[in-house]
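Nothing in this text is a laboratory measurement; each read-out follows from the coordinates by a stated rule. Remember, predicted model here, so these are calculated numbers, not experimental data. Methodologically, a virtual Cβ is constructed for each residue, glycine included, from the backbone with ideal geometry; neighbour enumeration extends over all protein chains shown.
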Amino acid sequence: MIQKRNSSVNQKIKLLFFVTPVVMFLTIFVTQLIFNAPLFSDSDSTNWITSVVETGIGASITIAILIYSNNQQRRSEEQQEKIADLVSSIQNIEQRHYEREKKRLTVFSHRVISNLETILQYHYALRKWLADYLNKDTEENKQNIILSSRKNWETIEYFSIPHIKSDIGYIGELFQDPLLAKNIINQCNSYGTVLKDVQEKFDWKNDALLMKISTIDNQIKVLTTAIDKVKKEITENP
């Protein structure tokens, strides 16, 4: 395309310098024919023919410069348009990439939040059961707590935690907080500990139960903080 345009410009300039002598000759011929002006005169110090030639050459050079300048201007405008189109294409690609990343962050973050909230509910439930046991320490109540804790622990251990780790692996690098993903993964090791402990050599004395409830309260705070931080990532991620 550029070579074709350059060739066209060169042809125009060549044609211009071919036509210029013809125009000058016709000008001299018509002037001499109409005004019967002598071609050479001792009284004409500058010689009108010379003036015609100089004017013709000057005009042809000026026109050639204008042709070349206009061609350069068009090329510059086309290059600017191409650059603008390229920038627009890049921006569109970046926008689509951003939208995909934002959607990925949103979808997997909600899954992480859902599993964390499930674990949180199990801790609230265990806390309530132990508090109730302090008021009614029957064997039946104890066995119900053990069975329910085992069921909830299995859900956490074999469902919630694997899903959290998997989902965090998809979106961890998208979090603004660089430590959030690592902290959630590390905390997974302790999410089901309290529920598991109820089943193995658990001390059902009041003092031990109060300490266990305190431990559950701390775990609830950890889970609540993790949930809030993930929610913040969804709403504030640029």
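Just to compare against my own numbers: the Cα pair-distance distribution for segment 180-234, 5 Å bins, whole % per bin, please. Final binned percentages: 4, 17, 24, 21, 14, 10, 7, 3, 1.
Counting neighbouring beta carbons within 10 Å and listing from fewest to most, the residues Leu179, Leu105 come out as Leu179, Leu105.
If you rank Val107, Val198, Val222 by fewest surrounding Cβ atoms within 10 Å, what's the result?
Details: Val107 13, Val198 21, Val222 17.
With the fewest neighbours first, Val107, Val198, Val222 line up as Val107, Val222, Val198.
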